[in-house]
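A quick write-up on the structure given underneath.
The values are calculated or read from the model by the stated rules, or taken from the named source; none is laboratory data. The model shown is predicted, which means the values in this text are computed figures rather than measured ones. Glycine also receives a Cβ, built like all others from the backbone with ideal geometry; neighbour counts cover every protein chain displayed.
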Amino acid sequence: MTETSEPTLLDGDSYIDGCPHARLAALREAGTTSWQPGTVDPSMSQPEVFGAWFVHRYEEVKSVLRDPATFSSQRGTVMLVDPAPDRVEAMSNMLLNMDPPKHSRYRRLVAAIFTPRRVEELRPRVEALAKQVIDRIAPIGTADGIHDIAAPMPMRVIAELLGIPERGEQLFEISNRMTGAVDDRDPETRLRLALEAALDIHVLGQETAREKRGRPDGTVLSAYVNGTLEGVDADQQGATDEETGWFLMLMAVGGNETVRTATAQAIRIFSQWPGQRDLLVSDLDRYMPGAVEEILRYRAPIRSIRRTTNADVEIDGQPMGEGTKVVCNFTAALRDPRAFDDPDTFDITREQPRTQLAFGFGEHYCLGANLARLQLQVILREIYSRIPDIHPSGEVVHQPSPLISGLLSMPVAFTPET
């Protein structure tokens, strides 16, 4: 167990200059867990952030995530801050915040949306969208790496997958506000925009459910609402309007943020490791899959996820009472030298462990992982086959969040395509 006098890792200010890797490494080497005191965060609707035990090592993070009976997602939600008490029950309708057995039913519904066949069917459309993104900026030589490159594609892909392509632009705009991916450094402004966006997307999901219910049209969202998803038992009812609202919110965050953040961070990483960039460019087919996995390890898009103990428990000898907040710190775990040789080196030829912890583990392993991989491989191929010398050319503004390793803005420059 390690305690620290430094600002708590639950405070967004700890990430104002990016991830504090050196601090996380010191905590990880000092002990499996560290106590991080609570704080007040004006960018949250419930500004009091309760203290929590952070788990920093790879195997111990996995052990927490594989035990939902002891470490609950539903009790207090997986967010790093407790929502207002009257919101916790409502938020348990989101798959991320469910425990078994409820989680198992809804996971089957969502899994039917992300079948390998359905994801692969999206490849031509993902490739077309990626081409459109780079077509717009390639002749210019400058762009914003977030707003012009990383952000435009992922939410549109989700809209296509769900069968509501006409909602793509609307979902894109809402998700930007909801995840705090707006270039406004005032936390209260970001909070207001995020709360408005969360309501907007929830209402949109309910409206769409009412449009689809009883009028099947062959789209995935229609099948989700009407209980006709392929591979799901015929007697399993479809989702309610309320559940559809939460599902659309999950897609807007989980289906969007990982790809957006990983794309932006990839541009930064390859500019910092030009030898690895040159290796990738030398044979995109050979090195792209490994490059994507290493990007996800080296700068995990989701920094941390929280659980709450259902009973008294110990982690590596540290006792924790029932009701304790436990935070799985992916960023530290994915640089744990017990799991990775020379973990602070970015190496696209690295042999990765079977578990890509950036997508979680156990009951809540990300069902959209294969779609995220597809999108990352496609957009990075488009970038590094056309504008391979792309690099940050000005101030990089980090999202000051203990949850997401996002960037708010990143000017980039490159040799224009002729």
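Could you list all residues from the range 301-336 that are of a type in the set (Asp, Glu) and in a strand (DSSP E or B)? Even if it seems obvious, please write down each step before you answer.
As a first pass, look at the range 301-336 and keep what is of a type in the set (Asp, Glu): 312, 314, 316, 322, 336.
Result: Glu314, single match.
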Members of the range 263-277 found to be surrounded by fewer than 23 Cβ atoms within 10 Å (Cβ to Cβ) and touching a strand residue (DSSP E or B) at 6+ places or on another chain (Cβ under 8 Å), listed by number: Arg268, Ser271
The lone exception for Asp316 - which of (1) surrounded by fewer than 21 Cβ atoms within 10 Å (Cβ to Cβ); (2) touching a Lys or Arg at 6+ places or on another chain (Cβ under 6 Å); (3) not aliphatic (A, V, I, L, M) it fails: (2)
Total residues in the range 249-300, condition in a helix (DSSP H, G or I) and free of Cβ contacts under 8 Å to residues at least 60 places away in the same chain: 8
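Can you find, within the range 197-209, the residue that is surrounded by the fewest Cβ atoms within 10 Å (Cβ to Cβ) among those that are touching a helix residue (DSSP H, G or I) at 6+ places or on another chain (Cβ under 6 Å) and closer than 17 Å to Gly238 by Cα? Write out each step before concluding.
Step one: list which residues in the range 197-209 are touching a helix residue (DSSP H, G or I) at 6+ places or on another chain (Cβ under 6 Å), which gives 197-198, 200-202, 205-206, 209.
Checking which are closer than 17 Å to Gly238 by Cα leaves us with 205-206, 209.
Numbers: Gly205: 25, Gln206: 18, Ala209: 24.
Among them, the one singled out is Gln206.
Residue-by-condition table, conditions (1) assigned to a loop (DSSP other than H, G, I, E, B); (2) in contact (Cβ under 8 Å) with a residue 40 or more places away in the chain; (3) surrounded by fewer than 17 Cβ atoms within 10 Å (Cβ to Cβ):
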| residue | (1), (2), (3) |
| --- | --- |
| Cys366 | yes, yes, no |
| Leu371 | no, yes, no |
| Gln375 | no, yes, no |
| Val378 | no, yes, no |
| Arg381 | no, yes, no |
| Glu395 | yes, no, yes |
Pairs with Cβ under 7 Å, 6+ apart, first in the range 96-112 and of a type in the set (Asp, Glu), second surrounded by 14 or more Cβ atoms within 10 Å (Cβ to Cβ): Asp99/Pro68; Asp99/Ser72; Asp99/Ser73; Asp99/Gln74
Test for Ala130: is it within 29 Å of Asn329 (Cβ to Cβ) and either surrounded by 14 or more Cβ atoms within 10 Å (Cβ to Cβ) or touching a Gly at 6+ places or on another chain (Cβ under 9 Å) (or both): no
Residue match in the range 140-149 (condition: over 25 Å from Ser405 (Cβ atoms) and either surrounded by 19 or more Cβ atoms within 10 Å (Cβ to Cβ) or at pLDDT 90 or above (or both)): yes
